[in-house]
Every structure is written in structure tokens, then in C-alpha cells.
Amino acid sequence: MAGWRQAVELAMTDAEIETLTALSRSRTEPARRVSRAAMLLAYRENPSFFGVGQKLGAHHQTVQRCVERAVADGALAALDERPRPGKEPVITPEAKAWLVSLACDKAKEHGYPHELWTTRLLARHARARTAGGTSMSRPSGSGHGL
């Protein structure tokens, strides 16, 4: 038979408590940060994942994850999202700026009979101009690569 769960010891400085209190009352911070700040403060008063979850309307595993992150990384670091793995962008910021400025031009200014760019025409024009192997040799026609 499993024993009772041990409460996780969450140590916070006075400055962290003050910052968390201000964040938990904020009306301009993102809701997830406000919610996590409230979780940490509530857990400090009542070290029960289930009790805090019930009080704040969150699942006890969400409270547990937040508290464990605060123990591992610090109370203020637990408020932010962790970086997620993902594919590195293929298009450089300079190439993206060039493409945006190109899209702001009229297609007629670049020798096309069309008044406005279509997505396909803009992509074809960009590919033709960057065929030398720059980072924009295959921009997405659907806008996902932009």
C-alpha cells in the first residue's frame, strides 16, 4: 500500500513573495502567469496540490508541475513557459524583411501585368530573385515560411 505523499518544500525569498503577490493581482499580465503566481502563493499557505487545485479551479497535477518547477528553477522562472523544441527557421530575418517589403510593392512595379501580388506570383518572383542559393530559395506559398 502506498504511503501519503510528502509535501514539497517550497522556499521563497521575501522579494519573490512580493513579486508573486503583485503578479497574482495583475490585470495586464498573461493569465497563465497570474494563475501560476496564485498557485505558488496558495501552495505556500496550504502545501497540498489537491487543496490548491480545488481552491483555484485547476487540476492538482497542474499545481504539482508548477510547484516542482519552482523548486527546481526558482519561483519566478516557474511562471514562464519552457522553451519547446522545434525546427529552426529556414528564412533569415533579412530575407523575411526583404520579402515583406516586396509584398508591400505593387506587382506592376516589378514588370507584371497584375495590379496586386497573388501568393503564387510573389513566391515565384522571390524564388527567381533568390535562385543563387540564399536562405529563401524555397519560400512557402501558403505563408507558413514567412
proj_area_mean for region 58-115 (convex hull on C-alpha atoms), units nm², value 8.0 nm²
Counting only protein heavy atoms and leaving out ligands, DNA and RNA, the solvent-accessible surface of ARG124 at a 1.4 Å probe, in Å² to the nearest 10, equals 140 Å²
Assuming 1.306 mPa s and 10 °C, estimate D for region 20-117 with Stokes-Einstein, Rh taken as the Kirkwood radius over Cα pairs, in µm²/s.
-> 94 µm²/s
Using θ = phi - 60° and the Karplus form 6.51 cos²θ - 1.76 cosθ + 1.60, what ³J(HN,Hα) does each residue of region 43-53 get, whole Hz, x for Gly and Pro?
-> 5, 5, 7, 9, x, 9, 4, 5, x, 5, x
Could you tell me the largest-minus-smallest coordinate of the C-alpha atoms of region 1-77 on each of the three principal axes, in descending order and whole angstroms?
-> 46, 25, 19
Using a 1.4 Å probe, how large is the accessible area of VAL100, given in Å² and rounded to the nearest 10?
-> 80 Å²
Roughly how many Å² is the accessible area per residue of region 1-95, as a whole number, for a 1.4 Å probe?
-> 73 Å²
Charged-residue dipole, Cβ positions (Lys, Arg, Asp, Glu), the chain about Cα centre, Debye nearest 20 = 740 debye
Starting from the Cα of LYS96, draw a straight line to each of the lysines and keep only those under 27 Å, dropping any in the same chain fewer than 8 residues away.
-> LYS87, LYS106, LYS108
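The values are calculated or read from the model by the stated rules, or taken from the named source; none is laboratory data. No experiment lies behind these values; they were computed from the predicted model shown. Heads up, the Cβs are rebuilt from the backbone with ideal geometry, glycines too, and the neighbour counts pull from every protein chain shown. All accessible areas refer to the heavy atoms of the entire protein, side chains included, with ligands and DNA or RNA removed. Shrake-Rupley method; radii C 1.70, N 1.55, O 1.52, S 1.80 Å.
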